[in-house]
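Every number here is computed from the coordinates shown, using simple stated rules; none is lab data. Bear in mind the structure is a predicted one, so any value in this text is a computation, not a measurement. Neighbour counts are summed over all protein chains in view; Cβ atoms, including those assigned to glycine, are modelled from backbone coordinates with ideal geometry.
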Amino acid sequence: MKVLVSGGAGFIGSHVADRLLGAGHEVVILDDLSTGHVEQLPAGARFYQMDVHSPWLDELFTIERPEAVVHQAAQASVRRSVEDPVFDASVNLLGTAALLQASVQHGVRRFLFASTGGAIYGDTDLVPTPEDAPALPVSPYGASKLAAEVYLRTFHALHGLSYAALRYANVYGPRQDPHGEAGVVAIFTQRLLRGEKARINGDGKQTRDFVYVGDVADANARALTSDQVGAFNVGTGVETDINRIFALLRQLTRSDRPEEHGPPLAGEQRRSVVDPRKIETLLGWHPQTSLEAGLSATVQYFREAPAIRPAVPAPPA
Ligand SMILES: NC(=O)c1ccc[n+]([C@@H]2O[C@H](COP(=O)([O-])OP(=O)(O)OC[C@H]3O[C@@H](n4cnc5c(N)ncnc54)[C@H](O)[C@@H]3O)[C@@H](O)[C@H]2O)c1
């Protein structure tokens with residue numbers, strides 16, 4: 001199948017593109033490189049440096065004629081969405097609407113959307129959280145992702161466009177950006193490898209559902225060839241606290257940094273874990289990578305990725 005992957009130069013999108021190429025699909029990537037990296041583009045994909053909102057979008061669809069769209073591109077920072085909700089909505093909502101419009105105009109058969117578990121459900125006592133739990137986002141980022149899901153439902157009702165919104169939990173793994181508002185795994189890994197302080201916010205007992213990026217790519221590959229429509233959580237259903245992440249990474253990086261705690265982050269969610277039973281039942285997807293194996297692959301990547309990140313030598317055993 002010919003698939004247009006938006007955001008394919010980014011962390012998750014590049015793994016999705018790799019997986020789709022490996023499964024024999026033809027892949028075309030659209031990315032404006034605002035947070036993505038050329039070095040992460042898979043060799044077998046054609047690349048267009050373009051905004052999802054570009055006036056050339058129609059031209060791209062006319063030239064490439066994709067049969068499916070896998071939409072990973074986004075303004076993915078919660079903090080930036082709070083500072084600039086208009087920019088967030090312009091990328092995450094208007095950009096998605098533009099891709100949806102081009103998709104129906106050019107006969108796309110399947111549309112996948114990178115949605116979010118944590119930011120859509122907000123603070124909830126229902127853990128692990130199922131897809132039909134109330135959506136109560138507490139950030140413009142969560143609101144724009146939820147609004148984009150409503151657009152997907154509307155385009156399905158109006159034009160029959162088949163779609164799946166994949167609500168990712170906390171994705172981690174190789175190629176995650178350790179700068180700015182990144183995932184805790186990437187930040188801690190890079191800091192510990194450099195012998196720097198990796199400070200835990202608050203008591204570190206806040207929990208998250210850590211899902212390995214390779215498993216997320218696999219969920220996309222399965223959803224692409226399925227005709228199941230709707231929202232699907234993509235997570236492990238397992239809660240892991242930040243203290244455990246620190247302890248595992250400390251061991252894997254062979255760091256001797258003591259556990260250090262800072263003040264708690266204002267408004268930080270205490271627990272966040274999604275219920276993956278729907279995707280397991282309807283798409284046969286199960287996370288395959290244990291936390292230990294995924295963290296180990298991540299540490300290995302950060303040691304050996306001089307092209308994108310400064311090389312970090314392994315400490316003596
Ligand atoms: N990382 C996570 O834990 C997580 C969790 C839930 C949802 N998501 C979602 O998964 C998707 C991928 O996230 P990521 O962590 O890989 O982030 P990322 O920043 O690494 O990837 C986003 C990619 O989109 C591109 N992009 C951004 N704005 C664009 C625009 N206007 N036009 C074209 N390209 C644009 C960037 O250059 C980048 O390559 C996003 O939609 C994000 O909201 C991520």
Cα-centre dipole for the stretch 198-277 with unit charges at Cβ (Lys and Arg positive, Asp and Glu negative), debye to 20: 180 debye
With springs connecting C-alpha atoms under 10 Å apart, model the chain as a Gaussian network and identify which of 88, 31, 132 has the largest mean-square fluctuation. 132
Counting only residues 5 or more apart in sequence or on a different chain, those whose built amide H sits under 5 Å from that of residue 163 are 111, 230
In Å, what Rg and Dmax follow from the Cα atoms of the stretch 1-149? 15.5, 48
With an 8 Å cut-off on Cα pairs and a minimum separation of 6 or more residues, tell me the relative contact order of the chain in percent. 18 percent
Place a +1 charge on the Cβ of each Lys and Arg in the chain and a -1 charge on the Cβ of each Asp and Glu, then give the dipole magnitude about the Cα centre in debye, rounded to the nearest 20. 480 debye
If one computes the Cα centroid of the stretch 100-170 and of the stretch 1-50, what distance in Å separates the two points? 21 Å
Counting only DSSP beta bridges with both partners in the chain, the antiparallel fraction in percent, to the nearest 5, comes to 5 percent
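First check a/c for the stretch 100-172, with a ≥ b ≥ c the square roots of the eigenvalues of its C-alpha gyration tensor; if it is under 1.5, answer rounded, and if not, answer prolate when a/b is larger than b/c or oblate otherwise. Present the calculation step by step, with values, prior to reporting the outcome.
On the way: a/c = 2.32, a/b = 2.19, b/c = 1.06.
In terms of gyration-tensor shape, prolate.
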Dimensions in Å of the chain - Rg and Dmax from alpha carbons: 19.0, 61
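Starting from the coordinates of the alpha-carbon atoms of the stretch 186-253, obtain the Kirkwood hydrodynamic radius over all distinct pairs and give the value in Å to one decimal.
Numbers: mean 1/r = 0.0702 Å⁻¹.
Roughly 14.2 Å, rounded to one decimal.
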Cα gyration tensor shape of the stretch 24-67, rounded if a/c is under 1.5, else prolate or oblate by comparing a/b with b/c: oblate
Using alpha-carbon pairs under 8 Å, 6+ residues apart, how would you state the relative contact order of the stretch 189-242 in percent? 52 percent
